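Structure, as structure tokens:
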Amino acid sequence: MLDQALKPSSIVHHLDQYVIGQDDAKKIVAVAVWSHYRKLARLQREEVPIVKSNILLVGPSGTGKTLLCETLARGLDVPFVTAEATALAQTRYVNEELEAILQRLVDKADGDLAKAQTGIVFIDEIDKLKAPDGEAHGTSGENVQHALLRIMEGAAVKLGRADYLDTTNLLFICGGAFVGLDEIMSQTHSFGFIATSSDESQKILDRLNTRIKPTDLFTFGLIPEFTGRLPIIARFRDLSRDTLVRIMTEPRNAIYRQFRDIFRAEGVELTVEPKVFGQIADLAIEYKTGARSLRGIFEELLTPLLYVVPDNPDIRKVTIASLFTEPTIARGKRAG
Ligand SMILES: Nc1ncnc2c1ncn2[C@@H]1O[C@H](COP(=O)(O)OP(=O)(O)OP(=O)(O)O)[C@@H](O)[C@H]1O
Ligand SMILES: [Mg+2]
């Protein structure tokens, strides 16, 4: 299980190396994961049943929900599997599919059933399970919600011929963009009536108003039993221009670093000036796909250069000063 010395702050520190911004969401997830494993440790000592707090990640597309979970998985020493709710909704054999997911969890635990039973299951695109407006019950998304509910509540799921996996102590993290949830919330939230005399109470009102209530998720199309099993909600925010710029340069695997490495391997020093990152961020904001379009724009910018570099071994330096001007190319003899 988790390292005893692990603290919420060390989880956040790990996430910070790859996920930029989203500080509130990082903290909420870190505390939730940490306290889950605290409860499990206590359960081993005292046999008190635990009250589980599964997590829901909500926020616009391309803002880091999946990235955060993948990064979390790499940083924790617990078995971790990811499943796509959309795939679950498309199969006629939901229970078989869920068994396969849990089997993967056991594989991740190297066959150790006890270890697998303390793992984390991340179910992405959960918002795609919404019941379509005005349609009768029993639609496929709703069936999947019921099937998921069963394992989230704790069930003995038969795997293969002999093994049963008890899902009681698994931690579930669900993620989704929930397009349209803001409108639902703006219709149902009414914490505006208290006369606010200070900044402080205005802040509290703002916080209450941005809280997602289970009833909002219900209106969106998740069944009440399901929303009830996801008491912890972490909201992801739209990425600001500054954050987008940081995403291109700061993470351990940032695209700028990756491309500098590619050029360096050809003996070329690549420099992209700060202004360019701002220009790319502006385009990305226009495309409204969060950080997802950054890579594409960046690649488009560098593809013509990557085409000519291998044919021109005398190119030493490439400098890009603007998205809208030709790059400057310096030539010379290759060192060594
Ligand atoms: N906060 C962030 N920090 C660093 N990179 C990010 C961040 N948000 C998004 N990215 C980049 O954008 C890509 C897409 O993000 P991600 O897959 O996490 O989006 P998502 O929130 O899960 O969106 P969707 O709801 O569409 O699934 C990531 O692989 C990463 O490269
Ligand atoms: Mg995602």
If you line up the long axis of helix 140-153 against the longest principal axis of the chain, both from Cα atoms, how many degrees apart are they, to the nearest 10?
70 degrees
On Cα atoms only, tilt of 255-265 relative to the major axis of the chain in degrees
50 degrees
Check T168: other-chain or 5+ apart residues with amide H under 5 Å from its amide H, H built from backbone geometry?
A155
For the stretch 108-117, in residue order, the Karplus 3J(HN,Hα) values (coefficients 6.51, -1.76, 1.60; θ = phi - 60°; whole Hz; Gly and Pro = x) are 4, 8, 6, x, 7, 4, 4, 5, 4, 6
Student exercise, the chain dipole from Lys, Arg, Asp, Glu Cβ charges, in Debye to nearest 20:
820 debye
Connecting every pair of Cα atoms under 10 Å apart in the chain and solving the GNM, the largest mean-square fluctuation among Q187, Q22, Q117 falls on Q187
Taking the mean number of other Cβ atoms within 10 Å as a proxy for protection, how do you rank 175-184, 320-329 from highest to lowest?
175-184, 320-329
Which of the lysines could a cross-linker bridge to K27, judged by Cα under 21 Å and excluding same-chain residues fewer than eight apart?
K7, K39, K52, K65, K203, K213
Interchain or long-range residues, amide H under 5 Å from I232's placed H:
N54, L56
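Taken together, the values in this text are just the output of simple stated rules run on the coordinates, not laboratory data. On a predicted model such as this, the values are computed, not experimentally measured, just so you know. Quick reminder, even Gly has a Cβ in these numbers, built from the backbone with ideal geometry, and neighbours come from all protein chains shown.
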